[in-house]
Amino acid sequence: MNSTAPHTLSANELAAIRADFPILSRTVRDGKPLVYLDSGATSQKPDPVLDAEQDFYLQRNAAVHRGAHHLAEEATDAFEEARHHVARFVGAQPHDIVWTSGATTALNIIAYGMQNATLGRGGDAAKRFALAPGDEIVVTEMEHHANLVPWQELAHRTGATLRWISVDDSGRLRTEELDTVVTQRTKVLAFTHASNVTGAITDVAAFVRRAKEVGALTVLDACQSVPHLPVNLTELGVDFAVFSGHKMLGPTGVGVLYGRTELLEALPPVLLGGSMVEVVTMTDTTFMSPPQRFEAGTQPVAQAVAFGAAAQYLGEIGMDAVFAHERDLTERLLRIADLPGINVIGPLDAVDRLAVVSFTVDGVHAHDVGQVLDDYGVAVRVGHHCAQPLHRRFGIASTTRASASVYTTEQDIDTFVESLQQVQTFFQVN
Amino acid sequence: MEQLYQQVILDHYKNPHGKGLAELDANQLGGESHQVNPTCGDEVTMRVQFTGDGTQRTISSVTWDGQGCSISQASISVLVQLVEGQSVGDVEHVADVFRQLMDTRGKGFPADDEATESKEDLLDDANAFTGVSKFPARIKCALLGWSALRDTLASTGASADAHAQGIKHC
């Protein structure tokens, strides 16, 4: 990680970035300036992204990969150019980038593809994905439900066993358990790059190394990492990865399934229909090569184009600068750990950690914390953040989560911290 | 903020009625319901004991345990206060009026409606939840306990209207 201090964002650069986000200048709850600290759930969108989507509809809208007319050519070019932008952004080849409707869909495509392989679909090439009783799928205790439930169900359907790497008291994965939990029986090791609750960044290299030792496939949930730190999927050496557009300044409804070329070529498709087939008879069908094999039906074309614009936007700022900026914000956010009655669930230092800080307030339920913060214009997330097992591990049902992004300011954090103290005053717990 | 968190609500939250599950009397009709709010993980387990039969059936006790926000916990406490000792028919009516209140988007019952006064009399402390109805995300919190009660009435067959079941997670 970038433990040295690279170029962060100057005040002028940050102001220029914020000027690109119209929503950040609106007010909420009777005139309070919006302090948006819910970027871990979904990010706000800058003008260049919104313009890219609108421009597509205004000037180039047509069905892609079919039709011989002028608009169809331009639409297809824009669609494929976006794939290049997103691929470059994460250090991948464009043909290894599959558009999906989101990261959840992408994870399900892998899991259901493996089930199809288990059922014998995909021929010999797909046998590497087949599971049987005795095989094991390993996840972690800090997964988002999207990277847990599909594997649970796959285990139930195939007879494989689900195991997991646990979380220590500081909210980090116990990487040392890789040696005992990941074994020759492990066929899949699915894990998050960064927790959407504790903000802890996973030692991906250690996970990949262990998976390679035992011949297991790696599946990386990069939803929280790709928007906030430099990520090169090729260098990380993972087999599959997923991330979504809407958490990285892009639109909703579009995400990415990344797979190493040979794996995408071997994985049986899950969603079947138009645009992904070669020859169709009444009894059989041959499928196109990836990525089209996994892109059945009409794609979210305008959204993919805007997703490409988001990757360009972040790329122009530079992910080193984004990460450095957010690291400063992390340190500022973590000041709440020193306040009486506030308990941070996650690492208390800013090393290998995102600006995602979840916490409890003694004597005040998360819903009530969020409600009072909202009254000061501060938008946070409350609840279990789609990570019930992680909350259960800490013996709690819910937390309040503040999460930052490239456009977040120190003033935002300060307003949040001041408002948090008002929560304690309101409920008379300080 | 004060409109949402009325002092009545904070008082019930700090000193809730009926908290701590009591053993059910096997000689009387009784039932238990467990409800969760899937968006926040809040949960309640409620035990309801009945006495009497048919139209004379009344709720003799409601006890509960659970975890949740001030709105959900206070709402359950108010529920206990409102329904203990009441006939099942009357309780279902109160529950219905409370759900109506939750649909008023923070405005409460209309001042020019002649039914308003009797509804407000009926709801007593539960009128404090008028402000909650302004916040769509919090209405579920206020209804958590009422859903548990409805579920218990339906599952025990105590309900005056056997069809008043159905939606379990409001």
- Lone unmet requirement of (1) within 14 Å of chain B (Cβ to nearest Cβ); (2) in contact with a strand residue (DSSP E or B) (Cβ under 8 Å, 6 or more places away or on another chain); (3) not charged (D, E, K, R) for A:G395: (2)
- Message: On the basis of being closer than 30 Å to A:V378 by Cα, at pLDDT 95 or above and not hydrophobic (A, V, I, L, M, F, W, C), does B:Q73 make the cut?
- Response: yes
- Message: Being touching a residue at least 60 places away in the same chain (Cβ under 8 Å) and surrounded by fewer than 23 Cβ atoms within 10 Å (Cβ to Cβ) is the filter here; which residues of region A:168-194 pass it?
- Response: A:S170, A:G171, A:R172
- Message: Checking the conditions here, which among A:V197, A:V219 is assigned to a loop (DSSP other than H, G, I, E, B), hydrophobic (A, V, I, L, M, F, W, C) and surrounded by 24 or more Cβ atoms within 10 Å (Cβ to Cβ)?
- Response: A:V197
- Task: Just give me the residues in region B:32-57 being surrounded by 19 or more Cβ atoms within 10 Å (Cβ to Cβ) and away from chain A (no Cβ under 14 Å), in sequence order.
- Result: B:S33, B:M46, B:R47, B:V48, B:Q49, B:F50, B:R57
- Query: Could you say which residue among A:D338, A:D328, A:D414 is more than 14 Å from every other protein chain (Cβ to nearest Cβ), surrounded by fewer than 20 Cβ atoms within 10 Å (Cβ to Cβ) and within 23 Å of the chain's Cα centre (by Cα)?
  - Reply: A:D328
- Of the conditions (1) away from chain A (no Cβ under 14 Å); (2) over 30 Å from B:A115 (Cβ atoms); (3) crowded, with 22+ Cβ neighbours inside 10 Å; (4) not charged (D, E, K, R), B:A26 clears all except one; give me its number. (3)
- For region B:64-100, how many residues meet the condition of being away from chain A (no Cβ under 14 Å) and more than 12 Å from the chain's Cα centre (by Cα)? 7
- Query: Failed condition for A:Q152, given (1) in contact with a helix residue (DSSP H, G or I) (Cβ under 9 Å, 6 or more places away or on another chain); (2) over 14 Å from A:G40 (Cα atoms), with all others met?
  - Reply: (1)
- Identity of the residue in region B:132-151, modelled with pLDDT of 95 or more and small (G, A, S), that ends up farthest from B:E84 (Cα to Cα): B:S133
- Given the structure, is A:E74 under 30 Å from A:A16 (Cβ atoms), part of a helix (DSSP H, G or I) and in contact (Cβ under 8 Å) with a residue 12 or more places away in the chain? no
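The values are calculated or read from the model by the stated rules, or taken from the named source; none is laboratory data. The shown structure was predicted, so the numbers you read here are calculated from the model rather than taken from an experiment. Cβ: placed from backbone, ideal geometry, glycine included. Neighbour counts: every protein chain shown.
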